[in-house]
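Reading through the structure tokens given below for one structure.
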């Protein structure tokens, strides 16, 4: 199932498999649904700075942004993909270069970035994340996300990218 217009609070993509009931009650696996690509979110590219450096963490840390990166269709994990993270934090504004950093996904398509605590900007605590094909092998479409946290006191944010091959 994919959401035609995801909200900033939700970035959900699911895939599934069903069982078909055949003759005499026998079951057989059905084909898994195709995993839909994550669409770019409105406002996701705000204050984006192309080519932010790959870093171990942003600032003094204390807040974790984590996620996974998978391929649309089959959901295969994508290793070595560059994900940029930035936000308005206790140490800087989202437009400040020091508030930006990038990391690479691991063998399972996972990533983690430690950064200072995200604080509300424009009334909402939110992060920004990007997969920018200009800084990769170009095999997938660029995606910008702007997920909103449930509470300003949350100390982590988890997102999932599902990338569409070009």
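Being under 22 Å from residue 134 (Cα atoms) and touching a helix residue (DSSP H, G or I) at 6+ places or on another chain (Cβ under 9 Å) holds for only one residue in 72, 97, 79, 87, and it is 87.
Can you name every residue in the stretch 109-166 that is touching a residue at least 24 places away in the same chain (Cβ under 8 Å) and out of contact with any strand residue (DSSP E or B) (no Cβ under 9 Å at 6 or more places or on another chain)? I'd like the intermediate steps shown before the answer.
Here is the first cut: in the stretch 109-166, the ones touching a residue at least 24 places away in the same chain (Cβ under 8 Å) are 109-121, 124-136, 138-152, 154-166.
Residues satisfying the conditions are 134, 138, 150, 151.
Close Cβ contacts (under 8 Å, 6 or more residues apart or on different chains) running from residues in the stretch 88-101 that are within 19 Å of residue 43 (Cβ to Cβ) to residues that are part of a strand (DSSP E or B) and at pLDDT below 95 comprise 88/121; 93/121; 94/121.
Every residue, every condition in (1) crowded, with 18+ Cβ neighbours inside 10 Å; (2) closer than 18 Å to residue 54 by Cβ, yes or no:
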position	(1), (2)
89	yes, no
99	yes, yes
106	no, yes
125	yes, no
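The values are calculated or read from the model by the stated rules, or taken from the named source; none is laboratory data. This one's a predicted model, so the numbers in the text were calculated from it and none came from an experiment. Reconstructed Cβ throughout: ideal geometry from the backbone, glycine too, with neighbour counts over all protein chains shown.
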